1. Just to check, using Stokes-Einstein with a Kirkwood Rh over alpha carbon pairs, what's the diffusion coefficient of the range 132-179 at 4 °C and 1.567 mPa s in µm²/s?
2. If you average 1/r across every pair of different Cα atoms in the range 159-275 and take the reciprocal, what Kirkwood value do you get, in Å?
3. Write down the Å³ per residue value for the convex hull defined by the alpha carbon atoms of the range 201-249.
4. Just from the alpha-carbon atoms, what are the Rg and Dmax of the range 109-197 in angstroms?
5. When the expected Rg is taken as 2.2 N^0.38 Å, what fraction or multiple of it is the alpha-carbon Rg of the range 72-162?
6. Using only the Cα atoms of the range 147-219, build the gyration tensor, take square roots of its eigenvalues as a ≥ b ≥ c, and label the shape rounded, prolate or oblate: rounded if a/c is under 1.5, else prolate if a/b is larger than b/c, else oblate.
7. Would the range 1-154 count as rounded, prolate or oblate if I go by the C-alpha gyration tensor, calling it rounded below 1.5 in a/c and otherwise prolate when a/b exceeds b/c, oblate otherwise?
8. About the Cα centre of the range 42-150, what is the dipole size in debye to 20, counting +1 per Lys and Arg Cβ and -1 per Asp and Glu Cβ, all else neutral?
Amino acid sequence: MTPLLEDDINLIEDPDLVARSLDERIETAFKAICFLALLLPLMLLAVLFGDVMLDAIPRLSLDFIRNFPSRLPIRAGILPALVGSAWLMVLTAAIAIPLGVGAALYLEEYARPGTLTSIIEINIGNLAGVPSIIYGLLGLELFVRVMQMGRSLLAGAATLALLVLPVVIMSSREALRTVPNPLREAAWGLGADRWQTLRRVILPMSVPGILTGIILSLARAIGETAPLIALGAITYIDYLPDSVRSKFTALPIQIFNWVSRPDPEFHLNAAAGIVVLLALMLSMNGIAIWLRIRLQKRANW
């Protein structure tokens, strides 16, 4: 029979040590589960990205960026889709930023707490969770048919602006809430009115968070396919849009079109398009991080 060690005897004699040892083992198991929860998605993402990259390499070239779509996979390119996505992002930002930031400023700085304000806040939160296809159907009825914008860039941008608006409002409100109240009170104590406090104290300190939320929202919008398909965006286009009333296509639509074709050569084009789209999204996220760090340094006065 193995003799008991001194530590084992202490555990038997002291219930607190037994409970502490059990807690440490549970914590170790919990940390292992959390690490697996982090590792598995990253591994899956790495495998998917590696597979897409291997397919995309034969197609990735300057000609792929500059060419128009073609019936021949080797000659097909993404220029109209790339220009259409750029137009969509500019117009979506022009619509969503003033409305979203303005709504957040009003709710946080001017609106009085009450039933109506609570209802608006709850509904903004609920709208952030609505599936994107619903926004596409709403845009089809409201912008394309009722407002007679047609299947144009403006209708597509307005639909995407509706999609990102709840996220812009919520992220802007969270950024405004990070400004400590003593700073507001100090500004009022020095004789500043609400507008001067907002302009000179609150906005400079909350701009990094607001910009980060806006850019991340736009990064989500640039990858959305469902609302544009519901809106009726064109899958094949051989010219570049020249105004907000022009018909358009976008990178997600072009990728969807290539993926749905039976010819496997078009699937290589789709993989190359996915890589370009991912590069754009990562660039936008990188800009968001850079802006946040740079503006935070200025705001820490």
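Values in this text are rule-based calculations from the coordinates and carry no lab data. Predicted model, so just to flag it, every value in this text is computed and none were measured. Every residue, glycine among them, receives a Cβ derived from its backbone with ideal geometry; neighbour counts consider all protein chains shown.
1. Estimated via Stokes-Einstein, D reaches 111 µm²/s.
2. Every distinct Cα pair counted, the radius reaches 17.6 Å.
3. So the per-residue Cα hull volume is 122 Å³.
4. According to the Cα coordinates of the range 109-197, Rg and Dmax are 18.2, 53 Å.
5. Its radius of gyration relative to the 2.2 N^0.38 Å reference: 1.41.
6. Here the range 147-219 falls in the prolate category.
7. oblate
8. 460 debye
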